Amino acid sequence: MMLIEQTKTIKGVKMQLIINKLNEILNYVRKTNPSKYISINEVSELSGLSCSTLRRYVQKGSIKCSNATGKLLFKIEEIDRFLNNNG
């Protein structure tokens, strides 16, 4: 009987360690999550600027964005910086 209880305790400890590690991974992913990028349409809605105006700012170099996927994607931090400096 004691062996079974020890096994349950060991399994419980191992399970808790696994849960803790998964929480660490989840926190890391949340910090580096690529969903911090938003589309030009979302930026337009949030900022009140038209998509064509945003494209002009990108062409001038006033706003940084990524075009790696074939779409203009903006970091939220970059949009905040731009709006605070130019708003």
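The values are calculated or read from the model by the stated rules, or taken from the named source; none is laboratory data. Source: prediction; values computed, not measured. Every residue, glycine as well, gets a Cβ built from its backbone with ideal geometry; the counts of neighbours run over all protein chains shown.
Of everything in region 44-58 that's within 15 Å of Arg81 (Cβ to Cβ) and not hydrophobic (A, V, I, L, M, F, W, C), which residue is farthest from the chain's Cα centre (by Cα)?
First pass over region 44-58, keeping only residues within 15 Å of Arg81 (Cβ to Cβ): 46-47, 49, 54, 57-58.
With the extra rule that they be not hydrophobic (A, V, I, L, M, F, W, C), the set shrinks to 47, 57.
Details: Ser47: 19, Tyr57: 23 Å.
Result: Tyr57.
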Report task. Could you give me the residue pairs with C-beta distances under 7 Å whose first residue belongs to region 45-57 and is more than 15 Å from Ile76 (Cα to Cα), whose second residue is outside any helix (DSSP H, G or I) and of a type in the set (A, V, I, L, M, F, W, C) wherever it lies, and which are 6+ apart or on separate chains? Result -> Tyr57/Ile63
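Among the residues in region 59-74, are any assigned to a helix (DSSP H, G or I) and either within 22 Å of the chain's Cα centre (by Cα) or modelled with pLDDT under 75 (or both)?
First pass over region 59-74, keeping only residues assigned to a helix (DSSP H, G or I): 59-60.
Okay, now just the ones that are also either within 22 Å of the chain's Cα centre (by Cα) or modelled with pLDDT under 75 (or both), so none.
No, because not a single residue in region 59-74 is assigned to a helix (DSSP H, G or I) and either within 22 Å of the chain's Cα centre (by Cα) or modelled with pLDDT under 75 (or both).
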Report summary line: Going through region 47-87 in order, the residues found to be surrounded by fewer than 13 Cβ atoms within 10 Å (Cβ to Cβ) and either among the aromatic types (Phe, Trp, Tyr) or in contact with a Lys or Arg (Cβ under 7 Å, 6 or more places away or on another chain) (or both) are none
